[in-house]
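No lab work stands behind these numbers, since they all come straight from the coordinates. Only a predicted model underlies this, so the values are computations on that prediction, with no experimental measurement involved. Glycine also receives a Cβ, built like all others from the backbone with ideal geometry; neighbour counts cover every protein chain displayed.
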Amino acid sequence: MTGTFDAASTLVDFDALTPAVLRSRGSLKWSQYPGDVIAAWVAEMDLGTAPAVRQALEGAVQDAALGYMPAGLALSARTAVARFHEEAFGWSVPVEDVSLLPDVLSALAALIDHHTRPGSAVIVPTPAYMPFLSIPGAHGRRCIEVPALRGQGRSSWGLDLEAIEAAMAQGAGLLVLCNPWNPVGRVLSPAELDAVAALSARYGVVVLSDEIHSSLVIEPGAVHTPYASRPGADPALTFTATAVSKGWNVPGLKCAQLIASGPGRRAWQASPLSAGLDDQASALGARAVVAALSAEGLAWNSLVRDYVRANAELVARALAPVEGVEVTVPQGTYLAWLDCSGLALPEGLSPAAFFRREPGVAMNAGRAFGAGYESFCRLNLATGRALEEQTVSRLLQAVASLG
Ligand SMILES: Cc1ncc(COP(=O)(O)O)c(C=O)c1O
């Protein structure tokens, strides 16, 4: 699909990004670490947002259309989301199955509170997006971490289905599936999803499929498959959470979506908390959803995916000869997962702390992603090319300093 925005000048803008420019914008990503550190941690992009999204937001500000959510706008956003899933992934979603809510994490909290048995555990495959590990405890549930199985190569991280089954057999109430999988970047295969669906049905376990990164598949030939689109996924046990917040870089605009059908939708919409969440989604966010999923918005997203893929290849190429560091290049997401267990680091320094020493690179520390990942770190690839080159050269210099 082609848009009418100026792709060439967009690329020039990306290439020209500098730390000074990014710091002056005042994002969370670039304001957290002082000094000359390159910010490559939290999942925000340095690449701005689609011109279509910017224009929609500018229009709303111009008109001071900054009030509560109009029903018509909410319907437009839900309709755009349903159409996107049909066109991008061949999954036909009735508009009434789409609910709006402020963010994906509020879906997890609401599902734990209202759709799982008190005292039942929550299964989280690890390494996991950090809040998946802390939210269950905050809602009176135990979290069972299920470490991934690891093989060789790009798509080497896989679900440990036996361990997931064992946790379900012990009475767990909810499985949090992350597809594409932050931080390992796996795009889960239909066969893996079918295996999960069979386990969910056998043990009556609810599945929350977090597909917030579905619009960020970057590996050529890789295809995102929505879990709920698989015939074995029981609608009474299946909830999908998604958003345009990652693919169009608007996580602060608070208008995520929950997709549920049949009994799952009725249960979700009947719970008072879910109804409250619907009202809390922001109108600006809904405008962003509509613009992001327009032809122009989709064209920008496609350009960004190509750009991030080139960054991922640059990083993988540069770090391939480095002994002690193994890069998992994402199939989907703009996050690379670095295994630094072969580095002889100074006593007491985690890889993230080591690489952050000035003039360093700030990444997320692996230990936040679950037990056993202390020697990993997560690198954000969504930046300008010159900055990616600078990032790589700092990482190489840091490793060289180990002698
Ligand atoms: C897998 C995953 N889920 C959820 C979120 C957060 O989404 P939200 O801000 O909509 O809660 C993120 C943010 O990085 C994420 O990577």
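Here the peptides 100-107, 75-82 are ranked by packing, the mean other Cβ count within 10 Å, and the order with the highest first is 100-107, 75-82.
Amide H to amide H distances under 5 Å link Phe376 with Cys340, Gly366, Arg367, where only residues 5 or more positions off or on other chains count and H is placed in the peptide plane.
So for the stretch 67-294, Kirkwood radius off the Cα pairs, Stokes-Einstein at 20 °C and 1.002 mPa s: how many µm² s⁻¹?
On the way: Rh = 17.5 Å.
Approximately 122 µm²/s, per Stokes-Einstein.
If you take the Cα centroid of the stretch 48-69 and the Cα centroid of the stretch 121-148, the two points sit 36 Å apart. Highest mean packing comes first when the peptides 353-364, 240-251, 124-135 are listed by Cβ atoms within 10 Å, giving 240-251, 124-135, 353-364.
Every helix of 4 or more DSSP H residues in the chain counts as -39500 (n - 2.57), and over all residues that averages to -13000 deg cm²/dmol at 222 nm. For Ala138 and Ala166, the FRET efficiency from 1/(1 + (r/R0)^6), where r spans their Cβ atoms and R0 equals 30 Å, is about 0.75.
For Asp15 and Ala320, compute 0.36 nm times the residue count separating them, minus their Cα-Cα distance, and round to one decimal in nm. Kindly include the intermediate steps, with their values, before the conclusion.
Working: separation 305, 0.36 × 305 = 109.80 nm, distance 2.34 nm.
Extra length from Asp15 to Ala320 when fully extended: 107.5 nm.
Diagonalising the gyration tensor over the Cα atoms of the chain and scaling each eigenvalue by 5 before taking the square root yields semi-axes of 32, 28, 18 Å, largest first. Whole-Hz Karplus values for the stretch 38-45 come out as 7, 8, 9, 10, 3, 7, 10, 9 Hz, taken residue by residue from phi with 6.51 cos²θ - 1.76 cosθ + 1.60 and θ = phi - 60°; glycine and proline positions read x. Taking 7 Å steps out from each Cα toward its Cβ at Gln55 and Arg357 produces label points 5.0 nm apart.
Note the per residue figure in Å³ for the convex hull of the C-alpha positions in the stretch 165-281. Show your work: numbers first, answer last.
Details: hull volume 13.2 nm³, N = 117.
It comes to 112 Å³ per residue, whole-number rounded.
Karplus-derived 3J(HN,Hα) values for the stretch 59-66, using 6.51 cos²θ - 1.76 cosθ + 1.60 with θ = phi - 60°, are x, 5, 5, 3, 7, 6, 8, 10 Hz; glycine and proline are entered as x. Each 5 Å bin from 0 upward holds the following percent of the Cα-Cα pairs of the stretch 258-403: 2, 8, 14, 16, 13, 10, 10, 10, 8, 6, 3, 0, 0.
What is the extension gain from Leu149 to Glu96, computed as 0.36 nm multiplied by their sequence separation minus the C-alpha to C-alpha distance, in nm to one decimal? Could the numbers behind the result be given before it?
Values: separation 53, 0.36 × 53 = 19.08 nm, distance 3.74 nm.
Full-extension gain reported as 15.3 nm.
For the stretch 271-312, what percent of Cα pairs sit more than 14 Å apart? Let's see the in-between values first.
Values: 551 of 861 pairs.
Result: 64 percent of Cα pairs exceed 14 Å.
Backbone geometry of the stretch 333-347 corresponds, through the Karplus equation with coefficients 6.51, -1.76 and 1.60 at θ = phi - 60°, to 3J(HN,Hα) couplings of 5, 10, 10, 9, 10, 9, 8, 10, 5, x, 8, 8, 7, x, 3 Hz, x marking Gly and Pro.
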